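**Student:** Provided herewith is a single structure, encoded as structure tokens, for subsequent inquiry.
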Amino acid sequence: MKVLKFGGTSVGSAERMKNVADLIQNGDAKIVVLSAMSGTTNKLVQLAEALYQNKNDDANAQIDALHDNYKQVVESLYITSEKKKQANELLTHHFDFIRAFTQDLFTIHEERAILAQGELLSTALFQFFLEEQGIPSVLLSALNFMKIDENEEPDAAYIAKNIKTELEKYPESKLFITQGYICRNAFGEIDNLKRGGSDYSASLIGAAVDASEIQIWTDIDGMHNNDPRIVKNTYPIAELSFDEAAELAYFGAKILHPSSVLPAKQKNIPVRLLNTMQPEAKGTIIQSERSGGGIKAVAAKDDITAIKIKSGRMLLAYGFLRSVFEVFERFKTPIDMITTSEVAVSITIDNSKYLSEIVAELETFGQVEVDEDQTIICIVGDFIADRSGSGLKIFEALKDIPLRMISYGGSKNNISLLINKSDKVEALTKLNEGIF
Ligand code: ASP
Ligand code: MG
């Protein structure tokens, strides 16, 4: 069994959906996980904002506009009038459901139910298309098996048990369609795996069914060695280890949701990143085998805040770092990078929601300095047997750029540097010239 996930752009129009249908018909057993059509989840988020603010006229206009978009998709996706009718009834059903929220109290529960509509629509429309084409397939509701627990972590045992129950109902079937992103929470309510979570769904489903491979289909031919939106002449990386891919995904390579590496790694299932627009391209394979040494790729993560705490109390003291970390823990704020000297520690965070509260508490330990608008440049590869002088090449390339923090040796796969965001383009370009 393989799991194939298609992102929003891959199902973003009637034409793209037809294309996906072509790509999944080789007779292998597979579960196809779909995102919402591109733009839909963003529009549902906007709609929820309007509903929170009781802007009902605005909300109704948004709902009508989205419904109209989908009517056009139906018009171009199906051939027969029966299927068009059936699909339009489905749309009416979903949009009436959405419209009902304009008349009632709007809370996070209603918001989650609204956000789930994008994936419910894309998968149902796609299933209708397969039916019309005479391609046998079964639509599974992810709400019957995807689940998160009280800590909002996926419940792997529940998922494995329940997806098996679903699959066993159709012993003859080889093609299953289901929704990415959506799930139920510990209370059985509709919830989701957070934005971009369809990749995570695919990986969790792959792990649950012990898939032979997880394929993530997007509109780019794999993970690139540098940010193709910023730097020219980037190329797809043929092979990455799970750890390298996780670092890159976390530090900016937008193509893969960072959480999606772990379930695949735990079950040792290869993850292939492929391009719907160019299906013959090899893309990137992520697997446990050693993928060779040296520098593989560079990624950048913006909107980082650096916090420096300087204190004489740190000198020769123990327990100081713990008290510092506890502040971040209290405000549920993850730390990305850390560097220390004997009298100071610098920390970066990417969520500055509680910045002022954090700073106020840290000031009880010593002098605190905050630098906003920072960027982490993450250089990924296998640096364990760093015989090729990777460090020298990196610093040579960046010799004109002020480095605020350097983190080396935290893992064998990552060198992270903190710079001003305004130096990012230059840093990525210089690294491209200097290290590849
Ligand atoms: N549709 C959801 C989003 O746009 C999930 C996903 O596409 O991965 O975030
Ligand atoms: Mg995505």
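The values are calculated or read from the model by the stated rules, or taken from the named source; none is laboratory data. A quick note: this is a predicted structure, and the numbers were derived from the prediction, not measured. Virtual Cβ from ideal backbone geometry, glycine too; neighbours counted across all protein chains shown.
**Student:** Of the conditions (1) in contact with a Pro (Cβ under 9 Å, 6 or more places away or on another chain); (2) buried (at least 19 other Cβ atoms within 10 Å of the Cβ); (3) of a type in the set (Asp, Glu), ASP350 satisfies every one except a single condition; which number is it?
**Tutor:** Failed condition: (2).
**Student:** Follow-up. Residues that are at pLDDT 95 or above and among the basic types (Lys, Arg): does segment 249-269 have at least one?
**Tutor:** Yes: segment 249-269 contains one or more residues that are at pLDDT 95 or above and among the basic types (Lys, Arg).
**Student:** Could you count how many residues in segment 387-436 are polar (S, T, N, Q), part of a helix (DSSP H, G or I) and more than 22 Å from ILE347 (Cβ to Cβ)?
**Tutor:** 3
**Student:** Answer yes if at least one residue in segment 108-122 is within 16 Å of ligand 1 (Cβ to nearest atom), assigned to a helix (DSSP H, G or I), surrounded by 14 or more Cβ atoms within 10 Å (Cβ to Cβ) and among the polar types (S, T, N, Q), and no otherwise.
**Tutor:** The answer is yes, given that some residue of segment 108-122 is within 16 Å of ligand 1 (Cβ to nearest atom), assigned to a helix (DSSP H, G or I), surrounded by 14 or more Cβ atoms within 10 Å (Cβ to Cβ) and among the polar types (S, T, N, Q).
**Student:** Let me ask something else. Condition check: away from ligand 1 (no atom under 14 Å from the Cβ), under 18 Å from GLN127 (Cα atoms), in contact (Cβ under 8 Å) with a residue 40 or more places away in the chain and crowded, with 16+ Cβ neighbours inside 10 Å. Does LEU77 satisfy that?
**Tutor:** The answer is yes for LEU77.
**Student:** Could you check segment 49-104 and list, in sequence order, the residues that are more than 20 Å from GLN133 (Cβ to Cβ) and not in a helix (DSSP H, G or I)?
**Tutor:** GLN53, ASN54, LYS55, ASP104
**Student:** Okay, moving on. Out of LYS169, LYS164, LYS147, LYS194, report the one residue that is within 14 Å of ligand 1 (Cβ to nearest atom) and modelled with pLDDT of 95 or more.
**Tutor:** Every option except LYS194 fails the conditions.
**Student:** Okay, next question. Filter segment 44-67 for residues that are touching a residue at least 24 places away in the same chain (Cβ under 8 Å) and under 25 Å from the mean Cα position of the chain (by Cα); which is surrounded by the fewest Cβ atoms within 10 Å (Cβ to Cβ)?
**Tutor:** VAL45
**Student:** With respect to ALA142, is the statement that it is more than 16 Å from ligand 1 (Cβ to nearest atom), at pLDDT 95 or above and aliphatic (A, V, I, L, M) true?
**Tutor:** It is false that ALA142 is more than 16 Å from ligand 1 (Cβ to nearest atom), at pLDDT 95 or above and aliphatic (A, V, I, L, M).
**Student:** Identify, from the list ASP382, ASP302, ASP371, the residue that is within 28 Å of THR429 (Cα to Cα), buried (at least 18 other Cβ atoms within 10 Å of the Cβ) and touching a residue at least 40 places away in the same chain (Cβ under 8 Å).
**Tutor:** Among ASP382, ASP302, ASP371, only ASP382 is within 28 Å of THR429 (Cα to Cα), buried (at least 18 other Cβ atoms within 10 Å of the Cβ) and touching a residue at least 40 places away in the same chain (Cβ under 8 Å).
**Student:** Same structure again: Among the residues of segment 127-137, how many are out of contact with any helix residue (DSSP H, G or I) (no Cβ under 7 Å at 6 or more places or on another chain), part of a helix (DSSP H, G or I) and either surrounded by 16 or more Cβ atoms within 10 Å (Cβ to Cβ) or among the small types (Gly, Ala, Ser) (or both)?
**Tutor:** Here the count works out to 1.
**Student:** Within segment 8-29, track down each residue that is of a type in the set (D, E, K, R), more than 16 Å from ligand 2 (Cβ to nearest atom) and either in contact with a strand residue (DSSP E or B) (Cβ under 9 Å, 6 or more places away or on another chain) or not in a helix (DSSP H, G or I) (or both).
**Tutor:** The answer is ASP28, and nothing else.
**Student:** Residue check: is LEU256 touching a Leu at 6+ places or on another chain (Cβ under 7 Å), within 30 Å of LEU167 (Cα to Cα) and not polar (S, T, N, Q)?
**Tutor:** Yes, satisfied.
**Student:** Quick one: how many residues across segment 259-285 are more than 15 Å from LYS2 (Cα to Cα) and within 16 Å of ligand 2 (Cβ to nearest atom)?
**Tutor:** Looking only at that region, the number is 8.
**Student:** Applying the selection to segment 190-237, what residues are among the hydroxyl-bearing types (Ser, Thr, Tyr) and within 13 Å of ligand 2 (Cβ to nearest atom)?
**Tutor:** If the condition is that a residue be among the hydroxyl-bearing types (Ser, Thr, Tyr) and within 13 Å of ligand 2 (Cβ to nearest atom), then SER198, TYR200, SER201, SER203, THR218 are the ones that fit.
**Student:** Something else: Please work out if LEU256 is assigned to a loop (DSSP other than H, G, I, E, B), within 16 Å of ligand 2 (Cβ to nearest atom), crowded, with 18+ Cβ neighbours inside 10 Å and in contact (Cβ under 8 Å) with a residue 24 or more places away in the chain.
**Tutor:** Here the answer is yes, as LEU256 does meet what is asked.
**Student:** Moving to a separate point now. Residue check: is ILE286 touching a Phe, Trp or Tyr at 6+ places or on another chain (Cβ under 7 Å) and within 20 Å of ILE406 (Cα to Cα)?
**Tutor:** No: the conditions fail for ILE286.
**Student:** Failed condition for ASP219, given (1) more than 25 Å from GLU119 (Cα to Cα); (2) under 18 Å from the mean Cα position of the chain (by Cα); (3) surrounded by fewer than 24 Cβ atoms within 10 Å (Cβ to Cβ), with all others met?
**Tutor:** Result: ASP219 passes all but (1).
**Student:** Looking only at segment 238-250, which residues are away from ligand 2 (no atom under 15 Å from the Cβ), outside any strand (DSSP E or B) and either surrounded by fewer than 23 Cβ atoms within 10 Å (Cβ to Cβ) or over 15 Å from the mean Cα position of the chain (by Cα) (or both)?
**Tutor:** Scanning segment 238-250 gives ALA238, PHE242, ASP243, GLU244.
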